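Single-structure report; data block below.
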Amino acid sequence: MPASIPVALPLLLLLVGASTAAQPATAPGERADTPRVVMLSATAPKEVPEVPIQPGRLSTFLLGAPLKLVGVELEEREGFSRVTLLEDMLTLLPSGALPVGRRLKLRLRFMEGTVPASADFVLVVSRTQVETQVEVNLQPGTPYASWQEAEAERIKLRQVQAELERERQEPDGLTGLLAEGRMDEEGVPARRQYPTQDFTQLPGQPLTVRKATSYRARGVVALALEVDNVSSRPWKAVGASLVDEGGVRLKVLRVWPTEPLAPGATRQRVVVEAEVTEEARARGRFTLSLWQEGEPASVSLEGVTFP
């Protein structure tokens, strides 16, 4: 009989090893204290993690920055007693209607522009195992500048849309003047002026002014010029100044048009609008200067006045 011991011993060790391998990683209905961590990458192949869930036990998915949750796609959603979606967290409470062994697809969808755009999981209904907390993070080194840039563009777009909507709701034309209190029963006084007779312009300038009409409304003045582009290249006024004889400078609000005047174009209009304050009432004679971007003033009129 002693000779049979060497044969029985390996068999005993094999049975013991098989029994050990069959034991679950955690006791029935429990899990390890350490949260499950899932790292996402924009380039690595996607491996769909399996997450055990248990009826009556909460399973929570926590998102690390900069991930932001905007939606979920959950198979057999009616089989869950509770699905709570927050910006950085998803909580699931399976009901007893889900049979053990059922495999359900879960997709977390992140804010537009995030890389990656989503994360997939397979929920496995278990009688004994449950992952109560799964942390979802970006793998270190994963670029997410695109998300930040997209978010900045979205904010900028919303601001532009809000400004356009505000401008759309505000009246323009004569209604706008009345609504802003810039015109009363007397209307908008105007004064027509001509070169030599009313103002002077030195020769050799790229724009020749045929005439100038000045306007005054409450709080603003404007000067509309009828010009010829006598230069050989397009000319676009991007800036202007109006200075009176005492050196007081009006605050120029806008110069129009925003498109350049073609070479040789005649009888074109250039309008300069400026603010009038208590300190600068726009009385007396003014010098108007116009310039192009990156260049000194090349168009100048002396002696223009406002009504």
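A short reminder: the numbers here are calculations on the coordinates, not readings from a lab. Quick caveat: nothing in here was measured; it's all calculated off a predicted structure. When we count neighbours, we look across all protein chains shown, and the Cβ atoms used for this are built from the backbone with ideal geometry, even at glycine.
Please list, by residue number, everything in the range 258-280 whose backbone N is under 16 Å from a paramagnetic label point 7 Å out along Cα→Cβ of Arg210.
Within reach of a label on Arg210: 261-271.
Using a basic spin-label model with each label point 7 Å from the Cα along Cα→Cβ, how many nm lie between Arg77 and Ala265?
5.6 nm
Roughly what would the spin-label model give for Thr84 and Tyr194, points 7 Å off Cα along C-beta, in nm?
8.3 nm
Counting Lys +1, Arg +1, Asp -1, Glu -1, what net charge surrounds Leu123 among other residues with beta carbon under 13 Å of its beta carbon?
Taking every other residue near Leu123 into account, the sum is +1.
Ala42 versus Ala162, label points 7 Å from Cα toward the beta carbon: distance in nm?
2.8 nm
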